[in-house]
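Below you'll find the structure, written out as structure tokens, and then a few comments.
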């Protein structure tokens, strides 16, 4: 399913993080809107790039772009008349976001860091599955207190972005684990569909938009009041 270059890139992340995958299941985290509160910034960056690239005024709300891969945002800009290639627009979006994150810091969503640390101390492998680009993710991970992730999948590692299941399937493949006994945490319809179609137990934590109830996932209002026992109740299997 995954080509050799994709496998090498994902494996390189695993080696970099140097964590064990000897566990019954794993936690797989989305980034934007789930671990970090970034969707207002992405909306701002889209407005800036639209004006700078000839697309005129575009004022997407965070809910409008929630869960979209950065190359998809570049495609929306092109459709609105932006000049430049999709690659150039993708790079411009990413660089402006990196600049904001460096200048203003990363805003972690309530409870996210506590749960990352709790899972680490429990010995549960964790993966990051995001549709941001690798270069942006590196900047964000540098602001974490430790290396939490055994596997990292970014938009530039997969042929099909969320809502396709490929990002989560690649993360599971890299971990050497099946979806059974693992839990994904998401905030957007695209991410929820991706995780559900990969066969994972899924938790939805709304951020910029409400989430419709479904038998395919559980809805938590916040991560701030949760602990590892809640993940176990949601289907996480501990070693």
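The candidate values are (1) 7, 27, 26, 17, 9, 5, 4, 3, 2, 1, 0; (2) 8, 34, 38, 17, 3, 0; (3) 7, 20, 15, 13, 12, 11, 8, 6, 4, 2, 1, 1, 0; the one derived from this structure for P(r) over Cα pairs in 10 Å bins from 0, in percent carries the label (2).
Among 157-163, 50-56, what's the highest-first ranking by average C-beta atoms within 10 angstrom per residue? Numbers along the way, then the final one.
Values: 157-163: 19.0, 50-56: 15.6.
My ranking of the peptides, most packed first, is 157-163, 50-56.
Distance from the Cα centroid of region 180-201 to that of region 38-68 is 26 Å (rounded to whole angstrom). Packing-based ranking of 167-175, 41-49 yields 167-175, 41-49, ordered from highest to lowest mean Cβ neighbour count within 10 Å. With a ≥ b ≥ c taken as the square roots of the eigenvalues of the C-alpha gyration tensor of region 48-100, please select rounded if a/c is under 1.5 and otherwise prolate if a/b is larger than b/c or oblate if it is not? Because its axes are fairly even, with a/c under 1.5, region 48-100 counts as rounded. The helix-based estimate of mean residue ellipticity at 222 nm for the chain, built from -39,500 (n - 2.57) per DSSP H run of four or more residues and divided by its residue count, is -13000 deg cm²/dmol to the nearest 500.
Report the percentage of all Cα-Cα pairs in region 74-172 whose separation exceeds 18 Å, rounded to a whole percent.
The share of Cα pairs beyond 18 Å in region 74-172 comes to 57 percent.
Of all DSSP beta bridges confined to the chain, the antiparallel ones make up roughly 5%.
Evaluate E = 1/(1 + (r/R0)^6) for residue 229 and residue 180, where r is the Cβ-Cβ distance and R0 equals 22 Å; express this FRET efficiency to the nearest 0.05. List each step's numbers first, then the result.
Working: r = 19 Å, r/R0 = 0.88.
About 0.70, to the nearest 0.05.
When its C-alpha radius of gyration is set against 2.2 N^0.38 Å (N residues), region 113-239 gives a value of 1.00.
Read the figures in this text as sums done on the coordinates, not as results from a lab. Small disclaimer: the values here were computed from a predicted structure and weren't measured. All Cβ positions, even for glycine, are placed from backbone atoms using ideal geometry, and neighbour counts span all protein chains on display.
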